[in-house]
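Here's the structure we're looking at; comments come further down.
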Amino acid sequence: MLVVGSVALDHVETPFGSVEEAPGGSAIYFAAAASVLTSVQVVGVVGTDYPRGKLAFLAEQGVDLTGVETADGESFRWKGRYSYDLNERDTIWTRLGVFAQFRPRIPDHFRDSRSVFLGNIDPQLQLDVLKQVRRPRLTACDTMNFWIERSREALLTILARVDILLVNDSEARQLAGEPNLLKAARWIQARGPEWVVVKKGEHGAILFGKDSVFFVPGYPLEQVLDPTGAGDAFAGGFLGCLDWTGGTSEDDFRRAMVYGSALGSFAVEAFGVDRLIGLEPDAVVERIRQFRDMTAFELEMHVPPDG
């Protein structure tokens with residue numbers, strides 16, 4: 001599957017430690033998670049200062065990085081700080097560098113990808129990517145408040161051309177102009193995507209289908225070190241599972257949601273992408289089994305005769 005998005009160097013501070021110059025960006029977190037399940041091709045841009053060796057782990061996991069071009073200038077860098085409430089963060093600074101002039105160029109051998117994920121970039125660039133690929137089986141995109149405010153018309157055009165939109169709850173409400181999350185999801189679906197995935201951080205995620213709603217909880221963890229990239233890791237697990245199985249039924253989508261939540265939970269257990277490096281599929285499957293045990297219950301009640 002193809003992912004187009006940012007390739008960055010992150011500086012992160014949390015109450016539990018810090019990291020500098022860690023490989024990050026939507027494309028990297030997505031690829032690190034999805035490559036546990038399927039083959040991944042990445043399109044992005046870095047500056048001449050980017051330490052390419054930090055991406056070697058992706059190549060070792062079978063990720064094709066030939067679509068990551070090097071441009072003259074500084075790489076995209078971001079610094080953020082989290083408090084004990086890891087759902088909130090402060091951006092200390094952002095330096096876009098060469099990412100500010102990023103124009104995705106899809107290599108010819110990437111254009112027949114089965115699945116396409118358009119990371120959180122300008123909707124006009126997302127449209128440019130869709131013009132370069134040939135009939136993918138499944139297309140999905142992410143977006144954010146900035147694009148909803150600044151590029152609404154292009155974003156609405158994208159919605160008409162993708163199968164899945166992944167957003168958080170505030171973005172869904174802002175996009176639809178609707179405080180009720182269910183109504184917001186239905187408004188989005190009426191404009192194109194058959195499926196809407198609303199990410200709710202540590203509280204899990206909700207899948208809205210045509211006539212259904214499915215909720216997957218966040219996996220309970222004793223240790224959360226760095227939530228950066230958890231949403232992109234969720235997307236990687238979710239779409240990686242769909243690409244891996246090739247299924248498109250509601251059961252397939254529900255199962256993929258659990259894989260997404262599982263991969264997102266692994267991502268936050270260490271700083272940067274460290275927990276996703278060398279992650280074995282068996283470990284993911286075991287966590288999936290734990291999800292099933294945590295959420296399974298009997299519908300019928302057994303009431304004693306004298307009850």
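The values are calculated or read from the model by the stated rules, or taken from the named source; none is laboratory data. Nothing here was measured: the structure is a model prediction, and the numbers come from that model. Note that we place each Cβ from the backbone using ideal geometry, even for glycine, and neighbour counts take in every protein chain shown. Ligands, DNA and RNA are excluded from the accessible area calculation, which covers all protein heavy atoms including side chains. Shrake-Rupley method; radii C 1.70, N 1.55, O 1.52, S 1.80 Å.
Residue-by-condition table, conditions (1) buried (at least 18 other Cβ atoms within 10 Å of the Cβ); (2) farther than 19 Å from ASN120 by Cβ; (3) over 14 Å from the mean Cα position of the chain (by Cα); (4) of a type in the set (Val, Ile, Thr):
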{"site": "SER151", "(1), (2), (3), (4)": "yes, no, yes, no"}
{"site": "ASP163", "(1), (2), (3), (4)": "yes, no, yes, no"}
{"site": "PRO179", "(1), (2), (3), (4)": "no, yes, yes, no"}
{"site": "LEU182", "(1), (2), (3), (4)": "no, yes, yes, no"}
{"site": "ILE188", "(1), (2), (3), (4)": "yes, no, yes, yes"}
{"site": "GLU194", "(1), (2), (3), (4)": "no, yes, yes, no"}
{"site": "VAL197", "(1), (2), (3), (4)": "yes, no, no, yes"}
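Residues in the range 202-226 that are among the charged types (D, E, K, R) and under 30 Å from ASP90 (Cα atoms): GLU202, GLU222, ASP226. For the range 274-307, residues that are among the hydrophobic types (A, V, I, L, M, F, W, C) and either farther than 25 Å from ARG254 by Cα or in contact with a strand residue (DSSP E or B) (Cβ under 6 Å, 6 or more places away or on another chain) (or both) total 3.
Residues that are out of contact with any Leu (no Cβ under 8 Å at 6 or more places or on another chain) and open to solvent by 10 Å² or more (accessible area, probe 1.4 Å) within the range 27-50 comprise LEU37, THR38, SER39, THR48, ASP49, listed in sequence order. Restricting the range 125-149 to residues that are on the phi < 0 side of the Ramachandran plot and of a type in the set (Lys, Arg), the residue that is most open to solvent (accessible area, probe 1.4 Å) is LYS131. Looking across GLU21, GLU13, GLU69, one residue alone is farther than 30 Å from GLU222 by Cβ, open to solvent by 40 Å² or more (accessible area, probe 1.4 Å) and in contact with a strand residue (DSSP E or B) (Cβ under 6 Å, 6 or more places away or on another chain). It is GLU69.
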